[in-house]
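Enquirer: Pasting a structure below so you can have a look.
The values are calculated or read from the model by the stated rules, or taken from the named source; none is laboratory data. Everything numeric in this text was worked out from a predicted model, so none of it was measured. Cβ placement follows ideal geometry from the backbone for every residue including glycine, while neighbour counts extend to all protein chains displayed. Surface accessibility is based on the protein's heavy atoms, side chains included, excluding ligands, DNA and RNA. Shrake-Rupley method; radii C 1.70, N 1.55, O 1.52, S 1.80 Å.
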Amino acid sequence: MTSSTLRMRPRRAAVFSLHTSPLEQPGTGDAGGMNVYVAQTAKRLAALGTEVEIFTRATSSDIPPIAELAPGVLVRNVVAGPFEGLDKNDLPSQLCAFAAGALRVEARHEPGYYDIVHSHYWLSGQVGWLARERWGVPLVHTAHTLAKVKNANLAEGDSPEPRGRVLGEEQVVAEADMLVANTEFEAADLIERYGADPDAVATIPPGVDLELFTPGGRAAARAALDLPPDAVVLAFVGRIQPLKAPDVLLRATAELLARRPEIRDRLVVLVVGGPSGSGLERPRALQELAVQLGITDVVRFLQPRSGAALRDVYRAADVVAVPSYNESFGLVALEAQACGTPVVAAAVGGLPVAVDDGVSGLLVDGHGAGQWADALGSMLEPGLRARLAANTTAHAARFSWQRTTEALLDAYAQAKMSFHAQLRIREVTA
Ligand code: UDP
């Protein structure tokens, strides 16, 4: 963080996270890495002196309009449409209602109450764009996922993202003062596929909670999960939907067992998470696949969990698999490595950044059961696994939420400068 960043540090940021609240448990429905990102960076922004108010859509009549997430961080639950029964695809119809709610909150305060807007995902970006115009403050936007990239990497049977989302994203890219990309790959997508101005794109890798996700305690973790100490444990952690490809892990498991039947008694595959996205259309599809593949004796489905319970899963596993068809970054990969567990990941999106191929894990180019059985099988050899495991924590330690947050403050300062430069141009040309 530079000294000019410190001088220009915003007093109070309005963070828009319209479609999912940082108070929800990630790993099911619409709650995932973005929720973790928003909560972790908000806490640290507040600790560095920028108060944060996170605006999200109220999804229950039980929750109060305002909740404190951490010192200096408020969550504002804005009423926009019915509490329940709206799916993410219905939310474009509620953008006006949400924007009206946010504008009403701001209007109760003195002008300039929020001095920056940071929107997450394109739906929030649309509202952020309006807030920028109305409040006269810069807009910083993080896409988290991009429709054009997602559509180029669809899982079999998944429908493409609608044209309306693509248009909405293009507008936000054009209007935001700064765009935050997780990796250089995402930055290139924003520039090449969406026409973003390269000077308006900051590449800021996300982080990992290095205090929570620490190595060690494998025996205790296995005991907590009721796993035998000598089990061979593979794990998948995340929202259960075709895009995340947990089916690839199950198919590879069946293949592995066909090749090495002697490990059957010791093999356990943990699948942690709940249905999400297009996975909600067939919430039992993965259980049905396990039956079809004849591997129900080795697969265990676990409910989404947080904190120490999730850490136990990472610590208990010999290998964590991240077989996604697309992943803008892949926090799960970092969290597993921070716990000392190597990762086998698909070579897509940001995963080549999250996993150091051949050093802290392996990348697989494709989603075939045979390829994945090869990679997972090679990780069951103690030599390779131990060599990779030895490098996992050092790789994970290159990422931290503190670093992410400090870089965000730099991006906020840059957004402010570009916003004011634009205002001056407008004044001169008016
Ligand atoms: N997660 C969790 N509990 C679960 C499963 C997942 O808290 O049972 C969290 C996980 O720790 C990670 C996030 O959900 O921080 C998933 O982020 P990732 O980037 O891997 O995937 P995304 O959900 O963004 O697609």
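Enquirer: Among (1) more than 27 Å from residue 237 (Cα to Cα); (2) modelled with pLDDT of 95 or more; (3) outside any strand (DSSP E or B), there is one condition residue 40 misses while meeting the rest; what is its number?
Expert: The number of the failed condition is (1).
Each row is one residue, and each column tells you yes or no for (1) crowded, with 17+ Cβ neighbours inside 10 Å; (2) not assigned by the TED database to the domain that holds residue 147.
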position: 181; (1), (2): yes, no
position: 186; (1), (2): yes, no
position: 189; (1), (2): yes, no
position: 197; (1), (2): no, no
position: 200; (1), (2): yes, no
position: 212; (1), (2): no, yes
position: 223; (1), (2): no, yes
position: 227; (1), (2): yes, yes
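Enquirer: Does residue 203 count as on the phi < 0 side of the Ramachandran plot, touching a helix residue (DSSP H, G or I) at 6+ places or on another chain (Cβ under 9 Å) and within 16 Å of the ligand (Cβ to nearest atom)?
Expert: No, not satisfied.
Enquirer: Which residue pairs have Cβ atoms closer than 9 Å, lie 6 or more positions apart in sequence or on different chains, and pair a first residue in region 235-248 that is closer than 18 Å to residue 377 by Cβ with a second residue that is among the charged types (D, E, K, R) and within 8 Å of the ligand (Cβ to nearest atom)?
Expert: Final answer for the pair search is 236/244.
Enquirer: A further question on this structure: What's the total number of residues in region 34-69 that are of a type in the set (Lys, Arg) and either open to solvent by less than 10 Å² (accessible area, probe 1.4 Å) or within 16 Å of the ligand (Cβ to nearest atom) (or both)?
Expert: Of the residues in region 34-69, 2 are of a type in the set (Lys, Arg) and either open to solvent by less than 10 Å² (accessible area, probe 1.4 Å) or within 16 Å of the ligand (Cβ to nearest atom) (or both).
Enquirer: Return the pairs, sorted by first residue and then second, in which the second residue is assigned to a loop (DSSP other than H, G, I, E, B) and of a type in the set (Ser, Thr, Tyr), the first residue lies in region 274-302 and is farther than 22 Å from residue 26 by Cβ, the beta carbons are less than 8 Å apart, and the residues are 6+ apart or on different chains.
Expert: Filtered contacts from region 274-302: 290/296.
Enquirer: Also, I was wondering about something else. Tell me, which residue of region 240-267 that is open to solvent by 10 Å² or more (accessible area, probe 1.4 Å) and either closer than 24 Å to residue 311 by Cβ or among the hydroxyl-bearing types (Ser, Thr, Tyr) (or both) is nearest to the ligand (Cβ to nearest atom)?
Expert: If we take residues in region 240-267 being open to solvent by 10 Å² or more (accessible area, probe 1.4 Å) and either closer than 24 Å to residue 311 by Cβ or among the hydroxyl-bearing types (Ser, Thr, Tyr) (or both), then 244 is nearest to the ligand (Cβ to nearest atom).
Enquirer: Just checking, which of 312, 356 is within 30 Å of residue 147 (Cα to Cα) and either out of contact with any strand residue (DSSP E or B) (no Cβ under 6 Å at 6 or more places or on another chain) or among the polar types (S, T, N, Q) (or both)?
Expert: Residue meeting the stated conditions: 356.
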